[in-house]
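Each remark here refers to the structure printed beneath this line.
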Amino acid sequence: MAEREAFHDFHKKRMEIFRELVRYIWQDNLTIESLDKLAADIKEKYSFREEDIPFIKDHIRVAMGLAPNQRAFFSDELAELKRQERVEGPVLARIGGACKECGERFEGSECHEACKYEAQMYVKGTGPIIIEEKCLNCGRCTVACSFGALADKIEFIPLVKLLKGEESMVFAAAAPSIAGQFGEDVSVAQLRTAFKLMGFADMVEVALFADILDHKGGL
Ligand code: SF4
Ligand code: SF4
């Protein structure tokens, strides 16, 4: 089967979906209509077919921290988001509709090779089956699959609720490795400013929280 261009390099398209969702949420414009429009825009822009709509909508669901369900229409997603206080497991989501597009190229296969924890069976023609009890959510297979067949749920909406709420101050606890994460042109001071612009009270070193927990434990 010839691979369809629409599915190639899906990581980039996924980030585009996520960026739009973040915009909707910040602007209080997260509605079924806006979600439908986002799916239609992605379909048009990258020449997906009508039959790919469940695949695109599942990526929208997963980017909002919800489970994929292969439906071509949104129904109770907004109600689920209202109730959501944290993203429920499993974090790794299998998105139907993509594996058939890469069968020939990845026969082997890259997603399977990426898993070091025997958490995945690879079935020719249908792709991986994830064994939940063994999966450590390390994310290696999601990076290896460039067709968007595997994705991890993004825990952003509960965070936005916290950031928009008045009742508590929210601190970003960053590991020292953040210094190299965005390349040498981005300084830690710039990142701290960016976090504050997003609504965090401040950015602090994660070791500080370890000290606070240690202190509390000693009381
Ligand atoms: S999960 Fe594996 S088989 Fe499926 S599209 Fe990705 S790389 Fe291909
Ligand atoms: S997330 Fe990690 S452990 Fe789970 S199936 Fe993928 S590679 Fe394996």
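Read-outs: derived from the displayed coordinates by stated rules, not from any lab. Since this is a predicted model, take the numbers as computed values, not measurements. All Cβ positions, even for glycine, are placed from backbone atoms using ideal geometry, and neighbour counts span all protein chains on display.
A compact table of results
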| quantity | calculated |
| --- | --- |
| Neighbour-count ranking [beta-carbon atoms within 10 angstrom, fewest first] of Arg94, Arg4, Arg86, Arg61 | Arg86, Arg4, Arg94, Arg61 |
| Selected from Ser177, Phe55, Ile154, residue furthest toward positive end of dipole (the chain; charges at beta carbon) | Phe55 |
| Per residue, the convex hull volume that the Cα atoms of segment 37-136 enclose (Å³) | 113 |
| FRET efficiency, Leu78 to Phe209 (Cβ-Cβ, R0 41 Å, nearest 0.05) | 0.80 |
| Charge dipole magnitude, Cβ of K and R +1, D and E -1 - the chain, Cα centre, debye nearest 20 | 120 |
| Å³ per residue enclosed by the Cα convex hull of the chain | 165 |
| Estimated dipole of segment 110-219 in Debye, rounded to 20 [Cβ of Lys and Arg +1, of Asp and Glu -1, Cα centre] | 240 |
| Residues Lys161 and Glu133, FRET efficiency given R0 of 41 Å [Cβ-Cβ distance, rounded to 0.05] | 0.85 |
| For peptides 45-57, 118-130, sequence by mean Cβ density within 10 Å, most packed first | 45-57, 118-130 |
| Per-residue [θ]222 nm for the chain (sum of -39500 (n - 2.57) over DSSP H runs n ≥ 4, rounded to 500) | -13000 deg cm²/dmol |
| Percentage relative contact order, the chain, counting C-alpha pairs under 8 Å, at least six apart | 19 |
